[in-house]
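The values are calculated or read from the model by the stated rules, or taken from the named source; none is laboratory data. This one's a predicted model, so the numbers in the text were calculated from it and none came from an experiment. As a convention, Cβ positions derive from the backbone with ideal geometry for all residues, glycine included, and neighbour counts pool all protein chains shown.
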Amino acid sequence: MRLLAQLALVSPLLASAVLAAPPPAPASRPALTIPPVRTFALELAQPPLAKGQWTHAAFTPDGRVISLDGVYDAALAKCLRRFTWSARTLSPTTHLAVSPDGASLAVPREGFRGRGNTERSCGISLVDLGDGRITRTLELADTTLAGAAFSADGRTLAALAHDKLYALDAASGKEQAAASHCPGVHQGALHPAARQFAELRVSLGQGFASAESAQWQAAVLSLPDGKELWTCRAQLGRAESLGWTQDGKRLCVNCWDEVRVFEPGRAAHVVHVGRQWRAALPAWTLKDRYLLLCGRDTHDCALLDLLLNRVVPLDAPEGVGCQVVAFSPEGDQAVVNVLAPTAMTVHVAQLRPQR
């Protein structure tokens, strides 16, 4: 009887040990479920979209292509409408901010106004992508804007200036909040959905070799309150630039001879690519696996396989060089600058994986 009583006490403990859910496994990279790609071939569509060379481009949700010149039909390779404003008044920017519904484009601009054009002005112009006209300009006090981004619902427009982060009501232009940068900010980047802001900080050392002993850190702040969400405590070495991927899932930092990719809940993904390559900014990913690389001193482009940690070539037609400017949301098309010996043109290209 005593033995039966002891067994009665032990059996519930055994049952709880068997039925209890195992502790959550640490976050890890997705398993390799598709065959690796040896190279991607770029098949250029004809005729070209435009002559010359583009520095910025973006795809709208319905497949149109936006540049600093106008709106283009990717399938028909023709310009639907040209913008009525001059690109000469644009502020330095690394991102074309297209609203989630594809109806508006936010363009940081700067110029002069007033009698004799002596008063410097700065703001964000909202462009109607239907007719290409500027519907309104949101005036700001700063003389230089480095970028803009819409929130996911399209109601808030964030703007990045030299020492401030603006959060504006997209309809009225009323300022909702402005968060100051932290001291020592070397460079910043807005999240594509205007939810966060990433910044690259530097603190110089002491003495003659202060530049060599500089400490670099990356940090992510929430918008619009500027609360620090995350900081990379590890030394980054000689960090050069940073930027979000177009889907906002990853933050890429270009260092001296490596690319560091940060994802929420995961350790930094460090890939040594040498001095030949760096992550193109704004950063573009293909199929949530390949990161676009560009040459430091050349117009060459390649893809970084984030699962296999290797560089995958982008094969262009023989006799021309191709510089990728943007990927489509589905990842099967790209806007490329074609650098031929006799002329430069802009094309839509199909990406064909070669295994």
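Miscellaneous remarks
- Cβ pairs under 7 Å, 6+ apart, first in region 34-45 and aliphatic (A, V, I, L, M), second not in a strand (DSSP E or B): V37/R355; L42/A316; L44/P317; A45/A77
- Single match in W230, W244 (criterion: of a type outside the set (G, A, S), crowded, with 21+ Cβ neighbours inside 10 Å and out of contact with any Asp or Glu (no Cβ under 6 Å at 6 or more places or on another chain)): W244
- Residue that is surrounded by the most Cβ atoms within 10 Å (Cβ to Cβ) [pool: residues in region 30-67 that are within 26 Å of Q354 (Cα to Cα) and modelled with pLDDT under 85]: P36
Let's see how each residue does on (1) modelled with pLDDT of 90 or more; (2) closer than 22 Å to W277 by Cβ:
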| residue | (1), (2) |
| --- | --- |
| A302 | yes, yes |
| C322 | no, yes |
| Q333 | no, no |
| V336 | yes, yes |
| L339 | no, yes |
| A343 | no, no |
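- Residue count for region 259-277, restricted to those that are surrounded by 13 or more Cβ atoms within 10 Å (Cβ to Cβ) and either over 18 Å from Q187 (Cα atoms) or over 19 Å from the mean Cα position of the chain (by Cα) (or both): 9.
- Within the set R275, R289, R260, the sole residue that is under 30 Å from Y72 (Cβ atoms) and among the basic types (K, R) turns out to be R289.
- Of everything in region 250-269 that is basic (K, R) and modelled with pLDDT of 85 or more, the residue that is nearest to A283 (Cα to Cα) is R250.
- Residue within region 205-224 that is modelled with pLDDT of 75 or more and at positive phi present: no
- Test result for E240, farther than 19 Å from A159 by Cα, charged (D, E, K, R), touching a strand residue (DSSP E or B) at 6+ places or on another chain (Cβ under 6 Å) and modelled with pLDDT of 75 or more: yes
- Subset of region 304-319 [surrounded by fewer than 19 Cβ atoms within 10 Å (Cβ to Cβ) and touching a residue at least 12 places away in the same chain (Cβ under 8 Å)]: D305, L307, L308, N309, V311, P313, D315, P317, G319
- Residue match in region 81-93 (condition: among the aliphatic types (A, V, I, L, M), farther than 25 Å from L303 by Cβ and either surrounded by 15 or more Cβ atoms within 10 Å (Cβ to Cβ) or modelled with pLDDT under 70 (or both)): yes
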